[in-house]
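To start, the structure under review is shown below, and the notes come after it.
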Amino acid sequence: MALVKVIEVIASSETSFDDAIRNAVTEVTKTIKNVDSIYVKDFKVHVQGNEIKSFGAVCKVSFRIDESERQKNNT
């Protein structure tokens with residue numbers, strides 16, 4: 001049986017929403033293996049004065065748990 005975990009992350013960029021999502025992928029895959037998908041749950045911007053200062057994406061990351069890791073943790 002495959003086991004999939006889901007975590008929620010918030011990523012940001014000073015450039016665009018697209019860049020924020022790419023930053024989420026880059027950072028998450030540094031420490032998590034077997035990432036299957038990223039669902040963008042929400043978008044947000046930080047505003048200072050009359051200008052957008054940064055773009056944010058709230059993302060749900062789905063990744064498969066390695067069977068060998070599951071067995072190791074159950075012993």
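Each value in this text was obtained by applying a stated rule to the coordinates, not by laboratory testing. All figures in this text were calculated on a predicted structure; none of them were measured in a lab. Virtual Cβ from ideal backbone geometry, glycine too; neighbours counted across all protein chains shown.
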Excluding residues on the same chain fewer than 8 positions from residue 53, give the lysines whose Cα lies under 28 Å from its Cα. 30, 41, 44
Could you work out the helix-only [θ] at 222 nm for the chain, with each DSSP H run of four or more residues adding -39,500 (n - 2.57) and the total divided by the number of residues, to the nearest 500 deg cm²/dmol? -9000 deg cm²/dmol
In percent, how large is the relative contact order of segment 4-73, given Cα pairs closer than 8 Å and 6 or more residues apart? 43 percent
How would segment 4-73 be classified by its alpha-carbon gyration tensor: rounded, prolate or oblate, with rounded meaning a/c under 1.5 and the a/b versus b/c comparison settling the rest? prolate
Neighbour-limited loop hits for trypsin sites (Lys or Arg not before Pro), segment 6-42 (at most 16 other Cβ within 10 Å; DSSP other than H, G, I, E, B): 33
